[in-house]
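Encoded as structure tokens, the structure appears first; notes follow it.
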Number of protein chains: 2
Amino acid sequence: MSAPLGVLVDGQPCAADWPLDRALHYGDGLFETIAVRQGRLRFESLHRARLAEGCRRLGLQVDHGDVWQQTQTLATRHTTCTLKLLVTRGSAVARGYAPSGAERTRVVLLAYPSSSGPELPSRVRVATLEATLGENPALAGIKHCNRLEQVLARLELRSHEHAFEGLMASSSGHLISGTMSNVFLEQDGVLMTPSLERCGIAGVMRAVVLREAAAAGTPVQVKDMPLDIVRRCSGAFLTNARIGVLPVHVLDGRELALSASMQALAGRVSALDG
Amino acid sequence: MSAPLGVLVDGQPCAADWPLDRALHYGDGLFETIAVRQGRLRFESLHRARLAEGCRRLGLQVDHGDVWQQTQTLATRHTTCTLKLLVTRGSAVARGYAPSGAERTRVVLLAYPSSSGPELPSRVRVATLEATLGENPALAGIKHCNRLEQVLARLELRSHEHAFEGLMASSSGHLISGTMSNVFLEQDGVLMTPSLERCGIAGVMRAVVLREAAAAGTPVQVKDMPLDIVRRCSGAFLTNARIGVLPVHVLDGRELALSASMQALAGRVSALDG
């Protein structure tokens with residue numbers, strides 16, 4: 001156990017606790033991005049479930065009732081917004097990667113205008129990126145704070161003019177997701193989405209699509225797929241909490257169109273109250 | 001561009017800037033752990049070079065002269081310590097993974113007692129872990145702040161009683177490093193250390209060992225090696241800035257011993273002024 005002897009932030013002595021936060025040092029935390037409508041957290045139960053699963057996997061002891069009460073407090077104050085909920089392991093008690101177990105989780109909540117984030121284009125262009133995702137089943141699916149791969153991918157996306165989103169493969173060449181969204185592809189009338197056992201984030205809107213597709217009797221294949229599926233699919237849509245279900249118009253320069261039944265599914269999900 | 005409408009930290013409104021730091025949200029930053037002796041930064045030029053390489057790869061604009069001046073200031077104040085230097089991309093200007101380019105990097109410096117961190121045992125036991133490292137050449141080698149894999153590995157290490165360090169393989173089964181150290185192995189009189197092209201951190205002390213070995217005419221093979229090399233090697237040592245060169249006595253329950261020439265190399269490195 002060892003408190004620091006001294007702390008400087010931008011050259012100035014700092015007595016605050018936050019410079020020790022393990023999320024700052026190691027990305028040791030989890031987050032949720034939640035759409036708020038009329039003061040209500042959309043798909044709250046799905047966000048709760050994913051955060052709980054993330055806490056279980058990282059060994060974070062969290063008072064979930066308290067976290068979601070704080071979240072609702074901000075949603076009541078900013079009734080239409082995009083909420084970012086960040087739960088960190090808290091300030092380091094000892095130096096080094098190992099948590100001591102005595103850390104106190106820190107909850108940071110940020111309310112952003114619903115319009116924040118990349119602007120939604122009328123024509124959605126998507127490019128396949130060179131940037132890849134490392135594979136680690138222990139971290140796959142959960143929304144943890146190790147996101148440099150996404151940061152590098154968004155930097156690469158700048159070289160693709162007018163592209164709204166980029167698709168990423170894992171290190172072994174499997175299509176996984178967009179940089180900030182999950183992806184569904186249509187081929188020969190079959191809807192499919194990548195398995196996220198290796199890496200990627202199991203998006204709340206992805207779960208909603210899978211649920212609604214099952215309810216509508218539309219089979220969805222969740223499976224490993226090679227990256228070159230992007231050259232063979234006829235239609236695609238992206239999902240995340242902010243954009244909902246967003247059909248792709250152009251993928252790597254190729255025009256795509258969803259079949260009528262997939263359009264109906266997308267419409268069904270978009271119309272949900274959540 | 002969008003400032004948050006509201007911010008809560010642990011339920012309380014917060015007007016400070018730090019809750020927006022991109023290292024907190026994405027691990028979007030770099031660090032160095034530096035041994036300070038008599039007010040001097042050990043192997044400063046090597047730390048400078050690695051930080052500069054990390055900044056280049058992540059696209060961080062940093063005034064390096066200023067960063068190292070701040071670092072020296074703290075080293076002058078705490079003349080024997082372990083310094084942690086953290087350089088983050090700074091507070092988010094816009095929501096989302098993409099940096100706007102207008103962020104201002106933040107420099108956090110923490111001085112810890114030299115004795116902080118896991119206690120050095122007289123008999124060094126090392127265990128091979130189940131926890132793996134994702135492979136991403138874009139992030140390999142640099143000391144960035146996405147370290148959840150190391151955090152999970154240290155948690156796993158608790159189940160190995162008396163183990164000081166754990167060895168990790170990459171997702172494709174290649175031996176990479178310890179959780180907080182680099183590793184050198186001896187087999188049939190040949191010294192070797194894993195290639196870090198896929199993942200892992202190119203440690204400063206690892207670089208020193210490679211340099212000194214070359215100067216001493218001791219060949220070191222830097223190469224891909226399967227994890228089961230740990231069952232065949234006759235000797236091993238760990239390296240990092242704090243522990244220096246640390247011979248391994250027991251690896252997965254098997255006794256190891258370095259040859260006389262490797263002991264001489266370890267001694268030569270340990271004796272360096274740095």
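The values are calculated or read from the model by the stated rules, or taken from the named source; none is laboratory data. Just so it is clear, the model here is predicted, and its values are computed rather than measured. Don't worry about glycine lacking a Cβ; one is built from the backbone with ideal geometry, like all the others, and counts go over all protein chains shown. For the accessible areas, the whole protein counts, side chains as well, though only heavy atoms, and no ligand, DNA or RNA atoms are used. Shrake-Rupley method; radii C 1.70, N 1.55, O 1.52, S 1.80 Å.
When the residues of the range A:1-53 are filtered to those that are at the interface with another protein chain (Cβ under 10 Å from one of its Cβ atoms) and of a type in the set (Asp, Glu), the one that is nearest to A:Leu86 (Cα to Cα) is A:Asp28. Taking the criterion of being surrounded by fewer than 23 Cβ atoms within 10 Å (Cβ to Cβ), under 33 Å from the mean Cα position of the chain (by Cα) and touching a residue at least 24 places away in the same chain (Cβ under 8 Å), the residues of the range A:1-30 that qualify are A:Asp17, A:Trp18, A:Leu20. Screening the candidates A:Arg89, A:Arg40, A:Arg22 for the property of being basic (Lys, Arg) and more than 21 Å from A:Cys145 (Cβ to Cβ) yields one hit, A:Arg40. Entry remark, the range A:145-180: residues being more than 7 Å from chain B (Cβ to nearest Cβ), over 16 Å from A:Glu135 (Cα atoms), more than 14 Å from the chain's Cα centre (by Cα) and not small (Gly, Ala, Ser) number 7 in total.
Residue-level analysis places B:Thr80 outside the set of residues that are farther than 28 Å from A:Pro118 by Cβ and surrounded by 21 or more Cβ atoms within 10 Å (Cβ to Cβ).
Hey, any hits in the range B:122-133 for a residue that's farther than 20 Å from A:Arg198 by Cβ and without any contact (Cβ under 8 Å) to a residue 24 or more places away in the chain? The answer is yes, given that some residue of the range B:122-133 is farther than 20 Å from A:Arg198 by Cβ and without any contact (Cβ under 8 Å) to a residue 24 or more places away in the chain. Among the residues of the range B:197-214, the ones that are within 12 Å of the chain's Cα centre (by Cα), open to solvent by 20 Å² or more (accessible area, probe 1.4 Å) and either of a type in the set (Lys, Arg) or within 14 Å of chain A (Cβ to nearest Cβ) (or both) come to 2 in all. Among the residues of the range B:83-118, just one is more than 11 Å from chain A (Cβ to nearest Cβ) and farther than 22 Å from A:Trp18 by Cα, namely B:Ala102.
Among the conditions (1) open to solvent by less than 50 Å² (accessible area, probe 1.4 Å); (2) farther than 21 Å from B:Leu148 by Cβ; (3) within 8 Å of chain A (Cβ to nearest Cβ), B:Val62 misses just one, which is (3). In this structure, A:Val126 qualifies as open to solvent by less than 30 Å² (accessible area, probe 1.4 Å), under 20 Å from A:Pro247 (Cβ atoms), modelled with pLDDT of 95 or more and not small (Gly, Ala, Ser).
Selection of the range A:74-120 for residues being among the hydroxyl-bearing types (Ser, Thr, Tyr) and without any contact (Cβ under 8 Å) to a residue 12 or more places away in the chain yields only A:Ser115. When the criteria are applied in full, B:Glu255 meets the requirement of being of a type in the set (D, E, K, R) and under 19 Å from B:Pro121 (Cα atoms).
Okay, residues lined up against (1) under 22 Å from B:Ala127 (Cα atoms); (2) part of a helix (DSSP H, G or I):
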{"site": "B:Thr193", "(1), (2)": "yes, no"}
{"site": "B:Glu197", "(1), (2)": "no, no"}
{"site": "B:Leu210", "(1), (2)": "no, yes"}
{"site": "B:Ala214", "(1), (2)": "no, yes"}
{"site": "B:Ile229", "(1), (2)": "yes, yes"}
{"site": "B:Cys233", "(1), (2)": "yes, no"}
{"site": "B:Leu246", "(1), (2)": "yes, no"}
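Taken together, the criteria place B:Ala266 among residues that are of a type in the set (Gly, Ala, Ser) and either part of a loop (DSSP other than H, G, I, E, B) or farther than 23 Å from B:Ile142 by Cβ (or both).
If you filter the range B:134-153 down to residues that are charged (D, E, K, R) and open to solvent by 30 Å² or more (accessible area, probe 1.4 Å), you find that the one that is nearest to B:Ser172 (Cα to Cα) is B:Glu149. Looking only at the range A:154-174, residues that are of a type in the set (Asp, Glu) and open to solvent by less than 10 Å² (accessible area, probe 1.4 Å) come to 1 in all.
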